[in-house]
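First the structure, in the form of structure tokens, and then the observations on it.
Read-outs: derived from the displayed coordinates by stated rules, not from any lab. In this text the structure is predicted, and so the values were computed from the model without any measurement. With ideal geometry, Cβ positions are generated from the backbone for all residues, glycine too; neighbour counts draw on all protein chains shown.
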Amino acid sequence: MVLDAAFELFMERGYDATTMDAVAAAAGISKPVVYDCFAGKDELFQALLRREEARVLDEIGSAISAAADLGDPERFLTESFTALLRAVAASPAAYRVVFLGEGGANAAVARRVQRGRERQLEVIATIARSWLERRDDGAEVERRARLIAFAVVGLAEGGARALLSEPDAHPPEQLGAALGRIAARGLTAA
């Protein structure tokens with residue numbers, strides 16, 4: 001309850017303008033109760049970041065595992081992008097924190113986003129490596145798999161930003177299909 005109230009305030013006001021008094025009022029509890037949960041605003045913000053990061057990473061992981069047909073890269077990529085974009089459309093405020101760094105305390109947000117991005121890169125590189133090894137057993141597979149991972153994660157981030165910036169112009173299904181085609185064509189060129 002405290003984290004939910006704090007999330008809304010950080011998004012509306014930013015880190016600096018959000019106070020523990022405001023969090024208590026928004027949660028409908030007293031300020032001492034907030035301090036029983038969190039020693040201060042920074043601890044509260046860090047807990048909120050951990051919660052949102054875990055939720056977003058779980059959704060991304062679910063999107064990737066739901067599109068489990070690794071034998072068809074375009075289908076896999078399209079389904080993964082579409083699932084991610086549906087999650088973005090369903091919870092735009094959380095993704096504004098993750099992809100756009102909104103909500104204040106940008107250094108803390110940037111560090112968390114970077115750690116999450118590294119995990120995504122590792123997962124996508126592993127998948128790309130399996131695709132490349134089917135076609136080629138050359139020494140360049142690892143380097144190319146990492147490059148593909150950067151491209152795919154960059155496309156996903158770009159798609160999320162487009163959806164957040166112009167939600168009516170980019171339905172998740174259409175944007176996911178377009179990104180899947182782009183990524184699959186890039187994969188064949190890699």
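So the values come out like this:
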quantity	calculated
Proxy reagent accessibility, fewest Cβ within 10 Å first, across Glu142, Glu79, Glu166	Glu166, Glu142, Glu79
Proximal charge balance of Leu9 [Cβ under 11 Å; K/R count +1, D/E count -1]	-2
Extension gain (nm, one decimal) between Arg146 and Arg50, 0.36 nm per residue minus Cα-Cα	31.9 nm
Segment Glu166-Thr126, length gained on full extension (0.36 nm per residue, minus Cα span)	11.2 nm
